[in-house]
Amino acid sequence: IKSINNNSDFENAIKYAIDYCPENNIVSVDFTETIINGTWTIPYFFDDSEKTASYTGYSFVFKSDKSVVGTKGAITETGTWESTIQNNVREFTITFNSELLSKLNSNWKLFEFNNSQIRLREVSNGTNYLYFQKKY
């Protein structure tokens, strides 16, 4: 039993339970089939601070050949994506080269997804979040 003394301890306990609870890692929706189906936007991006506004207007298409295309108006950039399972947790890596989109480059851990949203987080000194939402 672990004692929880503050909000940070509480949040970390919840994250640990989500990441290591076997029921949360067995889902009927296939992640790869989900992400390559449709166009995605970024409704939330937190990297040391809230940075969502920098990605407003961008659309992302993840392709089965592991390429990803980010588009905003006449701007188009192609990057790559990779998804693996490490210690029963799905990891998701994005790689772009431009100054703005490379800020999304990280070894993210999936903590929630369905057919219309994907929620990723990365824990180092703090916790960063990247959410994708299906564009309709």
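The values are calculated or read from the model by the stated rules, or taken from the named source; none is laboratory data. Keep in mind it's a predicted model, so treat the numbers as computed, not measured. Because the Cβ atoms are built from the backbone with ideal geometry, glycine has one as well, and the counts that use them run over all protein chains shown.
I'd like the residue in region 97-136 that is charged (D, E, K, R) and touching a Ser or Thr at 6+ places or on another chain (Cβ under 7 Å) and, out of all such residues, is nearest to D30 (Cα to Cα).
Ranking the qualifying residues of region 97-136, first place goes to K134.
Identify, by number, the condition in (1) within 28 Å of E11 (Cα to Cα); (2) touching a residue at least 40 places away in the same chain (Cβ under 8 Å) that R119 doesn't meet.
(2)
What pairs can you find where one residue is in region 3-25 and over 21 Å from I85 (Cα atoms), the other is of a type in the set (D, E, K, R) and at pLDDT below 75, and their Cβ atoms are less than 8 Å apart, with a gap of 6+ or different chains?
Close Cβ pairs (under 8 Å, with a partner that is of a type in the set (D, E, K, R) and at pLDDT below 75) amount to D9/K2; A13/K2.
So is T71 free of Cβ contacts under 8 Å to residues at least 60 places away in the same chain and either surrounded by 14 or more Cβ atoms within 10 Å (Cβ to Cβ) or at positive phi (or both) or not?
So T71 fits the description; yes.
Yes/no matrix, rows are residues, columns are (1) in contact with a Phe, Trp or Tyr (Cβ under 9 Å, 6 or more places away or on another chain); (2) modelled with pLDDT of 95 or more:
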{"residue": "I4", "(1), (2)": "yes, no"}
{"residue": "Y16", "(1), (2)": "no, no"}
{"residue": "V29", "(1), (2)": "yes, no"}
{"residue": "D48", "(1), (2)": "no, no"}
{"residue": "K63", "(1), (2)": "yes, yes"}
{"residue": "G70", "(1), (2)": "yes, yes"}
{"residue": "T76", "(1), (2)": "no, yes"}
{"residue": "T84", "(1), (2)": "yes, no"}
{"residue": "N87", "(1), (2)": "yes, no"}
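State all residues of region 82-136 that are of a type in the set (G, A, S), within 20 Å of G38 (Cα to Cα) and surrounded by 15 or more Cβ atoms within 10 Å (Cβ to Cβ); if no residue qualifies, say none.
S83
Mind listing whichever residues of region 118-135 are in a strand (DSSP E or B), over 11 Å from Y44 (Cα atoms) and polar (S, T, N, Q)?
T127
Answer yes or no as to whether S59 is in contact (Cβ under 8 Å) with a residue 60 or more places away in the chain and among the small types (G, A, S).
So S59 fits the description; yes.
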